[in-house]
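Trainee: Dropping a structure here in structure tokens format, bear with me for questions.
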């Protein structure tokens, strides 16, 4: 923990979190979401090393294919990609989903500073005309309701 979080957490916080990690999903529950991916990675290592003594970290890997109505619509993915991916994905999710309730203002506004922490990793895997394909990795905490989306 000290290696991962260095000067971002003090020794008291590290001691506290180390004890909580045995029972709680810190990668979902820690107040500062910019650390969620790192907590996920640390918990995965501990889960593997201690053969299940820690909670099993859960993430989602989504392969999302978008087809734009016209080529100008694809331009939205030239900047602020994570925010635009989240906005597009959540547009089809149930209204009561957690990410919509917590980030409603950002989802509907111009700025979405927390998007960088909601989507941990992404990569564009294909571009064909008006079609884009992305692979997205994030916490299942934010996107588990995506399973209810009908394409």
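The values are calculated or read from the model by the stated rules, or taken from the named source; none is laboratory data. Small disclaimer: the values here were computed from a predicted structure and weren't measured. Because the Cβ atoms are built from the backbone with ideal geometry, glycine has one as well, and the counts that use them run over all protein chains shown.
This table checks each residue for (1) in a loop (DSSP other than H, G, I, E, B); (2) within 21 Å of the chain's Cα centre (by Cα).
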site	(1), (2)
5	no, yes
19	no, no
28	no, yes
43	no, yes
61	no, yes
66	no, yes
92	yes, yes
105	no, yes
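Trainee: Also, I was wondering about something else. For the range 129-151, state whether one or more residues are assigned to a helix (DSSP H, G or I), over 30 Å from residue 14 (Cβ atoms) and over 16 Å from the mean Cα position of the chain (by Cα).
Mentor: yes
Trainee: Of the conditions (1) touching a residue at least 60 places away in the same chain (Cβ under 8 Å); (2) surrounded by 14 or more Cβ atoms within 10 Å (Cβ to Cβ); (3) not in a helix (DSSP H, G or I), residue 125 fails just one. Which one is it?
Mentor: Evaluating residue 125 over (1) touching a residue at least 60 places away in the same chain (Cβ under 8 Å); (2) surrounded by 14 or more Cβ atoms within 10 Å (Cβ to Cβ); (3) not in a helix (DSSP H, G or I) leaves (2) as the failure.
Trainee: Given the conditions (1) touching a helix residue (DSSP H, G or I) at 6+ places or on another chain (Cβ under 8 Å); (2) in the same structural domain as residue 98 (by TED's automatic domain parsing); (3) assigned to a helix (DSSP H, G or I), and given that residue 74 satisfies all but one, which numbered condition is not satisfied?
Mentor: (1)
Trainee: While we're here: Evaluate the range 88-95: report whether one residue or more is out of contact with any strand residue (DSSP E or B) (no Cβ under 9 Å at 6 or more places or on another chain), at pLDDT 90 or above and within 13 Å of residue 143 (Cβ to Cβ).
Mentor: yes
Trainee: Can you list residue pairs whose Cβ atoms sit under 9 Å apart, with the first residue in the range 106-119 being assigned by TED's automatic domain parsing to the domain that holds residue 85 and touching a residue at least 60 places away in the same chain (Cβ under 8 Å) and the second being surrounded by fewer than 17 Cβ atoms within 10 Å (Cβ to Cβ) and part of a helix (DSSP H, G or I)? Count only pairs 6 or more apart in sequence or on different chains.
Mentor: 114/34; 114/102; 116/34; 117/34
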